[in-house]
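The values are calculated or read from the model by the stated rules, or taken from the named source; none is laboratory data. On a predicted model such as this, the values are computed, not experimentally measured, just so you know. Don't worry about glycine lacking a Cβ; one is built from the backbone with ideal geometry, like all the others, and counts go over all protein chains shown. The area values use the complete protein model at the heavy-atom level, side chains included, leaving out ligands, DNA and RNA. Shrake-Rupley method; radii C 1.70, N 1.55, O 1.52, S 1.80 Å.
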Amino acid sequence: MYFDVESTPVLNSVTVYGTLIWVNSKTDASLTMNTKIMFNRGGTIQVGNKENPFIGELAQIRLHGDKFSP
């Protein structure tokens, strides 16, 4: 799955089972995924690849949970 959103709203959770590839179509765009919880169930999180290199300034996952989040 490709992720190319400049900034998401705060999502309740994100679960990665396969491959999540961060790509951008704008030359200087930063990408931010906002989520409370993120699970990686044996998947891969990748910033760009050979066919779609990441050419932005910043790629970040911003966690908004707290110490009581599962």
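Remark: G18 matches the filter, which requires a residue to be of a type in the set (G, A, S), exposed (fewer than 12 other Cβ atoms within 10 Å of the Cβ) and touching a Gly at 6+ places or on another chain (Cβ under 8 Å).
Residue by residue through segment 49-69, note down the ones that are open to solvent by less than 80 Å² (accessible area, probe 1.4 Å), within 11 Å of the chain's Cα centre (by Cα) and not aliphatic (A, V, I, L, M). Passing the criteria: only Q60. Of all residues in segment 22-43, which are touching a residue at least 24 places away in the same chain (Cβ under 8 Å) and closer than 13 Å to Y2 by Cβ? Those that are touching a residue at least 24 places away in the same chain (Cβ under 8 Å) and closer than 13 Å to Y2 by Cβ: W22, V23, N24, L31, M33. Mind listing whichever residues of segment 1-15 are open to solvent by less than 80 Å² (accessible area, probe 1.4 Å), at pLDDT 90 or above and part of a loop (DSSP other than H, G, I, E, B)? Selection gives T8, V10.
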